[in-house]
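These notes are about the structure you will find just below.
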Amino acid sequence: MSWISTEEMKHLLGISDKTLLALKNNTTMFREGQDWRRKGASARSPLQWNQEAVERAFTNWKRPAPSTVETFEAVEAK
């Protein structure tokens, strides 16, 4: 397996580090231990990414239909 830094992974995918981390934290796209891991023992240590697994997950992940994504258009501010 080829484990690379967040910096390298974001460049390979062509996305920002914020987007990569949001996909990790807010979707089911990436799985700990398979797609990403911590570099050290601390919960705050840098992440490492499995290049092949992440590229496969990013390519094959089924994005939600736009109609199912919650927006605030219908909410009127008072």
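The values are calculated or read from the model by the stated rules, or taken from the named source; none is laboratory data. The structure displayed is predicted, hence computed values, not measured ones. So basically every Cβ, Gly included, is an ideal-geometry build from the backbone, and we count neighbours across all protein chains shown. Side chains included, ligands, DNA and RNA excluded: accessible areas come from the protein's heavy atoms. Shrake-Rupley method; radii C 1.70, N 1.55, O 1.52, S 1.80 Å.
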Options 1, 9: the member that is touching an Asp or Glu at 6+ places or on another chain (Cβ under 9 Å) and modelled with pLDDT under 95 = 1
ask   = Here is a list of conditions, (1) modelled with pLDDT of 95 or more; (2) open to solvent by 100 Å² or more (accessible area, probe 1.4 Å), and residue 72 meets all of them except one; can you say which number that is?
value = (1)
request  = Hey, can you tell me all the residues within segment 30-44 that are open to solvent by less than 100 Å² (accessible area, probe 1.4 Å) and at pLDDT below 95?
outcome  = 40, 42, 43
message = Going through 49, 61 one at a time, which residue ends up being at pLDDT below 90, surrounded by 10 or more Cβ atoms within 10 Å (Cβ to Cβ) and not small (Gly, Ala, Ser)?
response = 61
key: From the options 65, 53, residue that is touching a residue at least 12 places away in the same chain (Cβ under 8 Å) and farther than 15 Å from residue 10 by Cβ   = 53
